[in-house]
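Asker: I'd like to ask you about the structure that follows.
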Amino acid sequence: MTNIILLGPPGAGKGTQARRLVEARGMVQLSTGDMLREAKTSGTEMGNRVAEVMARGELVTDEIVIGLIAEKLDTVEAAGFIFDGFPRTLAQADALQDLLAAKGQDLAHVIEMQVDDAALVARITGRATCASCGEVYHDVTKPIPADGHCTSCGGTEFTRRADDTEEALKTRLMAYYKQTSPLIGYYHAKGLLRGVDGLAEIDAVAADIAAILES
């Protein structure tokens, strides 16, 4: 089993590359946001805890997120897991390491998707996403087809994040560097960190990630 973390700022392409790995290698993407939304309506004990916390307008604790990940590790068969959006802090990284060790698993690689901030802002402010399948488009580099249909699923609804503005993105980048960038040193010290150019063409990034996984 090959477990990896995709590390990088908002808009670096983590979700796109995770979907590629799911399709090509039978891995399972563990996205914190997706797990919380799923748990909220699952009816499980952990799901009920999530629903209660969110109903109070409070932040979900690290303990709950680790609990959700533990459930996935126990119940989902996969060639490996892709951690997307978690861990974000050193405390979360320690907790994940302890959980994986308890399950007899480990991390194979932490892949940092490296970006230039100015180029990233230009990429994100023109981004649109298919509401049906999540395929990502861009006003300049990959416009929504003229017929208004997604090339992947044929969907006709496209969304733009309200915070995909230059000002909001700079705020999100600052939060990322403040909270998550210490993980770069943490995983480098463990010999797990690998880097790819997150602003390269999607296929090129996928090829670089594949080379890391096959090394």
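Asker: If you place +1 on the Cβ of every Lys and Arg, -1 on the Cβ of every Asp and Glu, and leave all else neutral, what size is the dipole of region 21-180 about its Cα centre, to the nearest 20 Debye?
Answerer: It comes to approximately 240 debye.
Asker: Counting only residues 5 or more places away or on other chains, whose amide H sits under 5 Å from the amide H of Q29 once H atoms are built in the peptide plane?
Answerer: I82
Asker: Mind checking which of A168, V76, A118 is farthest towards the positive end of the chain's charge dipole, using Cβ charges of +1 (Lys, Arg) and -1 (Asp, Glu) about the Cα centre?
Answerer: Sorting the options by dipole projection puts first A168.
Asker: Right, next: Please enumerate, by chain and number, the lysines with C-alpha under 24 Å from the C-alpha of K178, excluding those fewer than 8 residues away in the same chain.
Answerer: K14, K170, K190
Asker: Hey, what did region 116-168 get for relative contact order, percent, Cα under 8 Å, at least 6 apart?
Answerer: Normalised by residue count, the contact order of region 116-168 is 38 percent.
Asker: Which order, highest average first, do 2-12, 204-214, 83-93 follow once you tally other Cβ atoms within 10 Å for each residue and take the mean per peptide?
Answerer: Per-residue Cβ counts within 10 Å, averaged per peptide and sorted highest first, yield 2-12, 83-93, 204-214.
Asker: Scan around Y137 for amide H atoms under 5 Å from its own, H built in the peptide plane at 1.01 Å from N, and keep only partners 5 or more places away or cross-chain.
Answerer: A128, T129, C130
Asker: Count neighbours as other Cβ atoms within 10 Å of each site's Cβ, and list the trypsin sites (Lys or Arg not before Pro) in region 92-163 that are DSSP loop with at most 15 such neighbours.
Answerer: Counting only loop positions with at most 15 other Cβ atoms within 10 Å, the trypsin sites (Lys or Arg not before Pro) in region 92-163 are K103, R160, R161.
Asker: Under the Karplus relation 6.51 cos²θ - 1.76 cosθ + 1.60, θ = phi - 60°, what is the ordered set of whole-Hz ³J(HN,Hα) values for region 123-138, x standing for Gly and Pro?
Answerer: 5, 6, 5, x, 7, 9, 10, 5, 5, 8, 10, x, 4, 9, 10, 8
Asker: Relative contact order of the chain: what whole-number percent is it, with Cα pairs under 8 angstrom and at least 6 residues apart?
Answerer: It rounds to 27 percent for the chain.
Asker: A further question follows. Which ³J(HN,Hα) values in Hz, rounded to whole numbers, follow from the phi angles of region 146-156 under the Karplus curve 6.51 cos²θ - 1.76 cosθ + 1.60, where θ = phi - 60° and Gly and Pro get x?
Answerer: Calculated HN-Hα couplings, in order: 4, 7, x, 10, 5, 6, 8, 10, x, x, 10 Hz.
Asker: Report ³J(HN,Hα) in whole Hz for each residue of region 198-215, in order, from the Karplus equation J = 6.51 cos²θ - 1.76 cosθ + 1.60 where θ = phi - 60°; Gly and Pro get x.
Answerer: The phi angles translate into x, 9, 6, 4, 3, 5, 5, 5, 4, 5, 5, 5, 4, 4, 5, 5, 8, 6 Hz.
Asker: Placing +1 on the Cβ of each Lys and Arg and -1 on the Cβ of each Asp and Glu in the chain, which of T180, L100, T2 has its Cα farthest towards the positive end of the resulting dipole?
Answerer: Of the options given, the answer is T180.
Asker: Could you please state, rounded to a whole Å, how far the C-alpha centre of region 90-146 is from the C-alpha centre of region 1-26?
Answerer: 7 Å
Asker: Let me ask something else. For a quick check, take a GNM of the chain with Cα springs below 10 Å and name the residue from Q97, Q29, Q114 with the largest mean-square fluctuation.
Answerer: In this elastic network of the chain, the residue with the biggest mean-square fluctuation among Q97, Q29, Q114 is Q97.
Asker: Excluding residues fewer than 8 places away in the same chain, name every one of the lysines whose C-alpha is closer than 16 Å to that of K103.
Answerer: The reachable lysines, counting only those whose Cα sits under 16 Å from K103, are K72.
Asker: Here's another thing I want to ask about it. Please give the FRET efficiency for D147 paired with A51, using the beta carbon to beta carbon distance and R0 = 41 Å, rounded to the nearest 0.05.
Answerer: After rounding, the FRET efficiency stands at 0.50.
Asker: Just to verify a number: FRET efficiency for S42 and E63, C-beta to C-beta distance, R0 = 22 Å, to 0.05?
Answerer: E(calc), rounded to 0.05, equals 0.80.
Asker: Taking amide hydrogens as modeled 1.01 Å from N in the peptide plane, which residues meet the under 5 Å criterion relative to L193, leaving out close sequence neighbours?
Answerer: Those lying under 5 Å, H to H, from L193 are V110, H188.
Asker: Tell me whether region 57-215 comes out rounded, prolate or oblate; compute the Cα gyration tensor, take square roots of the eigenvalues as a ≥ b ≥ c, and use a/c under 1.5 as the rounded threshold.
Answerer: Since a/c reaches 1.5 and a/b is larger than b/c, the shape of region 57-215 is classed as prolate.
Laboratory data are not the source of any read-out in this text; all were calculated from the coordinates shown. Keep in mind that this is a model prediction, so the values were computed, not measured. Note: ideal-geometry Cβ built from the backbone for every residue, glycine included; neighbour counts use all protein chains shown.
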